[in-house]
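Take a look at the structure below.
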Amino acid sequence: MPAKSRFHRLDAFTKTVEDARVRTTSGGTLTLLSLLLILYLTWSEWAQYRRVLIQTEIVVDKGRDEKMEIHMNISFPRVPCELLTLDVMDVSGEVQTGVMHGVSKVRLRPHQEGGGEVPGASAQQLMLNEEREALEHLDPNYCGECYGAPAPENGLKKGCCQTCQEVRDAYASISWSFGRGNGVEQCEREHYGEHLDEQRAEGCRIEGSIRVNKVVGNFHFAPGKSFSNGNLHVHDLDNYFTDARDSPGIVHTFTHQIHTLRFGPELPVNLAERVGTNGVQWTQNHMNPLDATEQKTDEKAFNYMYFVKVVSTTWLPLGWKPTWTVLDIPHELVKLGGYGVGDKGSIDTNQYSVTAHHRAIGGGSADDQGHKERLHARGGIPGVFFSYDISPLRVINREVRAYSFSGFLVGVCAVIGGTLTVAAALDRLMFEGQLRVKKSHHS
């Protein structure tokens, strides 16, 4: 048998001659509707192919010697900046007292006046200006007295206390209470007591970032300068309580508003737009549940505790391929605020859950919280405390297409073939129906 005849038998697409074809109005209408349906379904397939989904994986976090950045913006409308101290400590033994690097204190007008920022320089800048002006007029041979305390090792002049801050540091090194600095030459020269009086009714907002070891630890906001006394972490509360006694109309409390608190860099601002409703659960409010939190109290001897469980979270954008991450670089070389931001849009951040607790320092019953059977322990210091624990798991959120390009082509072929097949069947039924109707009329 000739080769041509063999291929004729394999032809699955038999043809009809033009004379044997019948064209109808209903067939033309059905063809037009089919083309419109194919275009619509093809566009739907394209939109589905372009849709970005979030593929979530949970793995054991194998990171070692990592750091973590804590970004904060917290207002204390009833504690002046001069009294407010930020301390950080962790289970590795690292302690950062009076943290100032990376954070700034913004003075707020008294809450009776509606709050708002006090115009002018920041609180720490004003103090530095006072110190600088006072030092400029000193004798070069001047050596300030430390009033019985050992001179600080990092002082401006060895064996001396040149500024009020150095006298306060010297007192803190041996766990002495300092007070208003009455009778201390350096403090009177820098008007330290006057600054306390000036800010007595003000509030304070602390904003910025700190970098900590990625281990169990805590950071807290408390009044007065902090120092260590044996195994205890102590704050000088003299000015906090004394000011309240001297000014009956002014009561310092740790009423606070957490504008922002996050552990790690922010997610992309256009994330919700790119992933649609599937990304709602990854918005900033879900990642940072303490944002826009406010707590109020009229008691000065009162503290708030937030127990935070931090979960490492990695965000990998569409098409990301592993090359390097910022976590591979020594953290000293990464500027504050940039730790966790990787290449090609990848982000190593953290999400967290939180449990809040508050109590009066004096202890007593928990009737005001609806728990008559409970008693609060006595002791502690007023302030706001954040204790964080690190989860051993890491969540990886990876952006992926709904399906591959080959899947898109298969879908388009299915749309075209399925639509034409159904349309052909409908056309055949309509044509045969018309023939039977005509035969019945003829008979």
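For region 209-267, which strands (runs of 3 or more DSSP E) that fit wholly inside it have 3 or more residues that are at pLDDT 80 or above and under 18 Å from the mean Cα position of the chain (by Cα)? If you could, list the steps in order and put the result at the bottom.
Numbers: elements: 217-223, 226-229, 232-235, 256-263.
It comes to 217-223, 256-263.
Just for region 150-177: of the residues that are more than 20 Å from HIS233 (Cβ to Cβ) and of a type in the set (D, E, K, R), which one is least open to solvent (accessible area, probe 1.4 Å)?
GLU166
Under 8 Å by Cβ, and 6 or more places apart or on different chains, what pairs join a residue from region 142-166 that is closer than 20 Å to SER177 by Cα with one that is of a type in the set (Ser, Thr, Tyr) and not in a loop (DSSP other than H, G, I, E, B)?
That search, which allows pairs on different chains as well, returns TYR147/TYR171; ALA149/TYR171; ALA149/SER173; PRO150/SER173; PRO152/SER173; CYS164/TYR192.
Is there a residue being of a type in the set (Asp, Glu), open to solvent by less than 20 Å² (accessible area, probe 1.4 Å) and either touching a strand residue (DSSP E or B) at 6+ places or on another chain (Cβ under 8 Å) or under 22 Å from ASN213 (Cα atoms) (or both) anywhere in region 93-101?
Here is the first cut: in region 93-101, the residues of a type in the set (Asp, Glu) are 94.
Restricting the remaining residues to those that are open to solvent by less than 20 Å² (accessible area, probe 1.4 Å) gives none.
There is no residue in region 93-101 that is of a type in the set (Asp, Glu), open to solvent by less than 20 Å² (accessible area, probe 1.4 Å) and either touching a strand residue (DSSP E or B) at 6+ places or on another chain (Cβ under 8 Å) or under 22 Å from ASN213 (Cα atoms) (or both).
Here are the criteria: (1) β-branched (Val, Ile, Thr); (2) open to solvent by 30 Å² or more (accessible area, probe 1.4 Å); (3) closer than 30 Å to GLY224 by Cβ. Tell me which single one THR85 does not satisfy.
In the conditions (1) β-branched (Val, Ile, Thr); (2) open to solvent by 30 Å² or more (accessible area, probe 1.4 Å); (3) closer than 30 Å to GLY224 by Cβ, THR85 misses (2) alone.
So CYS146 passes all but one of these: (1) under 22 Å from GLU188 (Cβ atoms); (2) at pLDDT below 85. Which condition number does it fail?
Every listed condition holds for CYS146 apart from (2).
Among what's in region 41-52 and is surrounded by 12 or more Cβ atoms within 10 Å (Cβ to Cβ) and out of contact with any Asp or Glu (no Cβ under 7 Å at 6 or more places or on another chain), pick the residue that is farthest from ILE416 (Cα to Cα).
The first filter runs over region 41-52 and keeps only residues surrounded by 12 or more Cβ atoms within 10 Å (Cβ to Cβ), leaving 41-42, 44-46, 48-49, 51-52.
Subset that is out of contact with any Asp or Glu (no Cβ under 7 Å at 6 or more places or on another chain): 41-42, 44-46, 48-49, 51.
On the way: LEU41: 9, THR42: 8, SER44: 13, GLU45: 12, TRP46: 14, GLN48: 16, TYR49: 17, ARG51: 21 Å.
Ranking the qualifying residues of region 41-52, first place goes to ARG51.
Can you find even one residue in region 287-295 that is over 27 Å from VAL251 (Cα atoms), in a loop (DSSP other than H, G, I, E, B) and at pLDDT 85 or above?
Taking region 287-295 and keeping what is over 27 Å from VAL251 (Cα atoms), we get 287-289.
Of the ones still in play, those that are also in a loop (DSSP other than H, G, I, E, B) are 288-289.
When the remaining residues are screened for being at pLDDT 85 or above, the result is 288-289.
Yes, region 287-295 contains a residue that is over 27 Å from VAL251 (Cα atoms), in a loop (DSSP other than H, G, I, E, B) and at pLDDT 85 or above.
Can you name the residue in region 415-443 that is open to solvent by 80 Å² or more (accessible area, probe 1.4 Å), more than 60 Å from the chain's Cα centre (by Cα) and of a type outside the set (A, V, I, L, M, F, W, C) and, of all such residues, is nearest to THR42 (Cα to Cα)?
ARG428
The values are calculated or read from the model by the stated rules, or taken from the named source; none is laboratory data. Note that the coordinates shown come from a computational prediction; the quantities given were computed from them, not determined experimentally. In this analysis, Cβ positions are derived from the backbone assuming ideal geometry, glycine residues included, and neighbour counts consider all displayed protein chains. Just the protein is used for accessible areas: all its heavy atoms, side chains included, with ligands, DNA and RNA removed. Shrake-Rupley method; radii C 1.70, N 1.55, O 1.52, S 1.80 Å.
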